[in-house]
């Protein structure tokens, strides 16, 4: 039981480049989430999904897109990366309890 | 406007003593509260939670207290151990929903 996994673990992008972060969970959870963590800001919700084929905006969705084509996978895309998107990105999943299970994170640097 | 605030960015405690981490919230619709622990280079892990119908929940060395009138919760760790050194986040949920709002975190350092 791997729980929540994220790929890649690290990435460096140049401004304007695009990339996709992959999140996978093997707990059969319905809900999945993408957060970003910045110093002193805690975890801020970017987008979330309440089931396969659904997505919704969170607190800070601008500049990101997501897709949930399969229940176990949740993809986060950056179409045109900006330095302000330098952050640590965490994926999480849950259901039915409130408790969210987090992946190990992806550290993204945009130069 | 942060709805969940952890006003102490860091806390240093001697091993064996009590650690008290505090969290304040502004949204009166929050009805479920959680504490997460995070080590460097790892994702947050769930520690303990409390429903708004309770004012205390205990799990081993960890106790969470909720004061609804003050919109304040605290996490007590007794006795503190060096392995407890981590960043602690409090989080809140509203209306029995699954969305969590996180505080900014408090870095706890337990000195041997």
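The values are calculated or read from the model by the stated rules, or taken from the named source; none is laboratory data. The structure presented is a predicted model; accordingly, all values stated were derived computationally and were not measured. Cβ: placed from backbone, ideal geometry, glycine included. Neighbour counts: every protein chain shown.
Condition (residue is exposed (fewer than 13 other Cβ atoms within 10 Å of the Cβ) and modelled with pLDDT of 95 or more) applied to region A:32-49: is it met by at least one residue? Even if it seems obvious, please write down each step before you answer.
Taking region A:32-49 and keeping what is exposed (fewer than 13 other Cβ atoms within 10 Å of the Cβ), we get A:39-40.
From what's left, modelled with pLDDT of 95 or more: none.
Within region A:32-49, not a single residue is exposed (fewer than 13 other Cβ atoms within 10 Å of the Cβ) and modelled with pLDDT of 95 or more.
Matching residues to (1) within 16 Å of residue A:100 (Cβ to Cβ); (2) within 14 Å of another protein chain (Cβ to nearest Cβ):
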residue: A:15; (1), (2): no, no
residue: A:21; (1), (2): no, yes
residue: A:24; (1), (2): yes, yes
residue: A:32; (1), (2): yes, yes
residue: A:47; (1), (2): yes, yes
residue: A:50; (1), (2): yes, yes
residue: A:62; (1), (2): no, no
residue: A:65; (1), (2): no, no
residue: A:69; (1), (2): no, no
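Considering every residue within region B:43-54, establish whether at least one is outside any strand (DSSP E or B), surrounded by fewer than 14 Cβ atoms within 10 Å (Cβ to Cβ) and over 15 Å from the mean Cα position of the chain (by Cα). Lay out the reasoning, then the answer.
To start, the set of residues in region B:43-54 that are outside any strand (DSSP E or B) comprises B:43-44, B:52-54.
Pick out the ones that are also surrounded by fewer than 14 Cβ atoms within 10 Å (Cβ to Cβ) and you get B:53-54.
Cutting the leftovers down to over 15 Å from the mean Cα position of the chain (by Cα) gives us B:53-54.
Yes - at least one qualifying residue is present in region B:43-54.
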**OP:** Scan region A:1-31 for residues that are buried (at least 21 other Cβ atoms within 10 Å of the Cβ) and within 17 Å of residue A:82 (Cβ to Cβ) and jot them down.
**Re:** A:21
Original post:
Would you pick out the residues in region B:71-108 that are in a loop (DSSP other than H, G, I, E, B), in contact (Cβ under 8 Å) with a residue 12 or more places away in the chain and at negative phi?
Top reply: B:78, B:79, B:80, B:81, B:85, B:100, B:103, B:104
Original post:
For residue B:22, which of the numbered conditions (1) at negative phi; (2) within 14 Å of another protein chain (Cβ to nearest Cβ); (3) crowded, with 17+ Cβ neighbours inside 10 Å fails to hold?
Top reply: (2)
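So for region A:3-18 (the condition being without any contact (Cβ under 8 Å) to a residue 12 or more places away in the chain and farther than 17 Å from residue A:75 by Cα), does at least one residue qualify? Walk me through how you get there before you give the answer.
As a first pass, look at region A:3-18 and keep what is without any contact (Cβ under 8 Å) to a residue 12 or more places away in the chain: none.
No, there is no match, as no residue in region A:3-18 is without any contact (Cβ under 8 Å) to a residue 12 or more places away in the chain and farther than 17 Å from residue A:75 by Cα.
For region B:33-42, name all the residues that are over 17 Å from residue B:58 (Cβ atoms), surrounded by fewer than 22 Cβ atoms within 10 Å (Cβ to Cβ) and within 12 Å of the chain's Cα centre (by Cα). Give the derivation first.
The initial filter retains those residues of region B:33-42 that are over 17 Å from residue B:58 (Cβ atoms), namely B:36, B:38-42.
Keeping just the survivors that are surrounded by fewer than 22 Cβ atoms within 10 Å (Cβ to Cβ) gives B:38-42.
Residue satisfying the conditions is B:38 alone.
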**OP:** Could you tell me which numbered condition residue A:98 fails, if it satisfies all but one of (1) in a loop (DSSP other than H, G, I, E, B); (2) at pLDDT 95 or above?
**Re:** (2)
Original post:
What is the residue count in region B:71-87 for residues that are surrounded by 19 or more Cβ atoms within 10 Å (Cβ to Cβ) and under 20 Å from residue B:31 (Cα atoms)?
Top reply: 2
